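Here is the structure we will look at.
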Amino acid sequence: MEIFAYLIKVNLAIILLYVFYCLFFRNDTFFHWKRWLLLSVITLSLLYPLWDISKQIIENKLFMQTVENGVIFPSFYLNEVIVRADTGQANTAFSIWNYIPDALLGIYLMVFAYFITRILIQIAGIAFLLVKTKPAKINGRKIHVKKGLESPFSFFKYIVLDPELYIGNELQEILRHEETHAGQWHSVDMMIAKCMCAVCWFNPFIWLMKREIRMNLEYMADRSVIDAGCDTGHYQFHLLRLTYHKATAKITNNFNVSLIKKRILMMNKKQTSQLGMAKYIFILPLVAALLVFNSLDVLSSKNQWIEMQENASHPTAGQDNTLTALETWDAPDVTIEGKKEKDSIYVTVEEMPQYPGGDVALLKYIFENIEYPEEAKVQKLEDRVSVTFVITAEGKITDVTVAKPVHPLLDAEAVRCIKALPEVWTPGKDKGKPVSVRYSIPVRFRLSKPDQEKK
């Protein structure tokens with residue numbers, strides 16, 4: 001499924017970029033640069049799988065050249081239909097493995113919904129708390145007063161604390177710290193990190209990255225307090241005193257957060273040399289490598305599609321796999337505008353023809369109507385027959401043929417069944433107009449083996 005391929009690429013990029021960040025940037029004191037770097041890592045991870053730099057080359061040259069060389073591209077393939085000789089009935093190539101992707105997707109979406117719900121509940125809790133606060137001003141700074149709140153916090157532009165709990169310079173330190181969070185919109189970073197954790201909840205590296213984002217925001221606020229002239233020793237002692245107070249909500253920017261030791265060490269760390277900024281350029285080759293990797297992956301997929309389509313047009317007798325790559329692989333979304341197999345038959349269209357009830361109904365009809373020829377059983381004939389046909393602009397079936405003859409008995413039965421399909425299709429459309437489109441259905445005739453008969 002495409003969503004799984006997308007998520008795999010996103011999470012591989014997160015792992016790679018997080019390791020790169022830890023190796024080269026984690027201990028820098030360029031906190032603002034690191035902030036944008038971390039946000040860029042998330043943005044790049046989400047977007048690079050969607051950027052295919054090989055798209056124009058492949059569609060305009062490789063793909064078009066293949067069509068010009070006479071390779072037929074049937075517009076649609078159904079799962080292979082298997083006809084068993086022991087029962088004389090058809091079996092679609094479905095098994096429990098077909099349901100695993102849907103089950104995994106269901107589990108993923110349930111956990112995703114759980115984390116999103118948690119975020120919404122936390123936001124609702126903060127909104128409810130703000131309703132119960134009283135607006136006030138301290139030295140010209142607007143705050144929201146909440147009596148008994150031991151751990152002050154900021155959420156977007158809101159600063160919430162109880163000024164009566166602090167004496168001397170402590171209140172000024174807290175205000176400066178939370179003003180930095182609010183003024184620089186640090187809550188946006190945390191919301192992005194939280195949502196990213198919901199999307200990639202199964203990847204431990206995204207949780208580590210969220211912690212890095214939170215810590216860097218605290219470094220920025222701490223630096224702002226020190227630059228404002230506050231005594232470093234007193235401020236660090238103040239942090240230690242508040243270490244064990246419980247945070248109001250993990251979604252907010254708290255004056256008191258965990259890993260206080262790292263914050264103190266960073267405050268005492270020597271400033272990174274300005275020459276150290278040059279290494280931030282090294283992220284560009286890594287970005288380029290990700291784009292090339294994604295483009296090569298897409299190129300490989302499209303080449304694989306071309307190869308499969310060639311095999312479908314010229315199937316080899318004696319293939320023994322129940323499900324080949326052709327039936328299990330989802331072709332990428334590639335459109336060749338106006339490309340036709342013949343003057344009136346399209347091989348790619350914007351809207352594919354539809355059988356009443358969809359593919360399941362179509363497979364069910366074939367299941368109920370196809371039979372294994374008795375003479376073929378006697379001669380022990382088994383093979384795959386790829387039947388192609390055209391759905392006209394009026395929704396009728398015409399030009400039912402076998403891509404490559406296998407045996408007259410098997411070919412005739414497969415063609416007979418397809419010709420018997422009701423002519424009630426919804427025609428395909430290109431540029432909003434009904435057109436004729438070629439379809440293809442692989443039908444495998446298979447004799448049961450002794451061990452299968454026992455089962």
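The values are calculated or read from the model by the stated rules, or taken from the named source; none is laboratory data. Here the structure is a predicted model, which is why all the values come from computation and not from measurement. Cβ: placed from backbone, ideal geometry, glycine included. Neighbour counts: every protein chain shown. To get the accessible areas, we keep the full protein, side chains included, count just its heavy atoms, and leave off ligands, DNA and RNA. Shrake-Rupley method; radii C 1.70, N 1.55, O 1.52, S 1.80 Å.
Rounded to the nearest 20 Debye, what is the dipole magnitude of the range 101-147 about its Cα centre when Lys and Arg each give +1 and Asp and Glu each give -1 at the C-beta?
Values: 8 positive and 1 negative charges, 155 e Å.
Dipole of the range 101-147, to the nearest 20 debye: 740 debye.
Please list 148-156, 195-203 highest first by mean number of surrounding beta-carbon atoms within 10 Å per residue.
The densest-packed peptide leads the list: 148-156, 195-203.
Just reorder L44, L161 by solvent-accessible area, largest first, 1.4 Å probe, all chains present.
So, going from the largest accessible area down, we get L44, L161.
Could you check the simple spin-label distance between K364 and T29, using points 7 Å along Cα→Cβ, in nm with one decimal?
7.2
Would you give the gap between the C-alpha center of the range 391-437 and the C-alpha center of the range 269-284, rounded to a whole Å?
About 64 Å separates the Cα centre of the range 391-437 from the one of the range 269-284.
Rounded to the nearest 0.05, what FRET efficiency do A412 and L447 give with R0 = 22 Å and r taken as the Cβ-Cβ distance? Could you check? If you can, show how the numbers build up before the last one.
Values: r = 18 Å, r/R0 = 0.81.
With R0 = 22 Å, the Cβ-Cβ based efficiency is 0.80.
Distance check, please: which entries in K132/K270; K157/K269; K9/K396; K210/K279; K134/K194 exceed 32 angstrom between their Cα atoms?
K132/K270; K9/K396
Tell me the label-point distance for the pair I226, E164, using the 7 Å Cα-to-Cβ offset, in nm and rounded to one decimal.
In this crude spin-label approximation the distance works out to 3.5 nm.
Highest mean first, how do 370-377, 132-139 rank when packing is the count of other Cβ atoms within 10 Å averaged over residues?
So the peptides 370-377, 132-139, ranked by packing, come out 370-377, 132-139.
What FRET efficiency do you get for A278 and A103 if R0 is 60 Å and r is their Cβ-Cβ distance, rounded to the nearest 0.05?
With R0 = 60 Å, the Cβ-Cβ based efficiency is 0.75.
What is the packing order of peptides 109-120, 228-239, 210-221, 32-43, taking the mean over residues of other C-beta atoms within 10 Å and listing the highest first?
210-221, 32-43, 228-239, 109-120
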